[in-house]
Amino acid sequence: VRSLGIVRGITVRSRGLAGQFAAGMRAIVGGKIHEYVVVCEEARGEAFDLMMEHAAEIGANAIVGVRYDATEMSESMTEVLAYGTAVIVETA
């Protein structure tokens, strides 16, 4: 029915020292690095939830064209951004 504009959710996460050590040890052997997967999933989930909150604040009942972006801010910190277009849709 109507577009309300861009909404976003941003979080910055860092890997703890213990997680970095464990991940470093796994990197030597090779394979999936579970510690980093967990951090990434948590960051994406938090960014998504923040985006949903932003959409609700402006009265949207849906978000279209959702995307994720990540930027490494330092060796151990990463920004994760979820964004999309907030809309009001009408059910049939």
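The values are calculated or read from the model by the stated rules, or taken from the named source; none is laboratory data. On a predicted model such as this, the values are computed, not experimentally measured, just so you know. Counting neighbours? That spans all protein chains shown, and the Cβs are built from the backbone with ideal geometry, glycine included.
Of note:
- On the stretch given as region 41-53, residues that are surrounded by 13 or more Cβ atoms within 10 Å (Cβ to Cβ) and under 8 Å from the mean Cα position of the chain (by Cα) total 7.
- Contacts under 8 angstrom Cβ, first residue in region 59-88 being of a type outside the set (Val, Ile, Thr), partner crowded, with 16+ Cβ neighbours inside 10 Å and part of a loop (DSSP other than H, G, I, E, B), 6 or more apart: SER76/ARG15; ALA86/ALA60
- Boolean, GLY84 is modelled with pLDDT of 95 or more and not in a helix (DSSP H, G or I): yes
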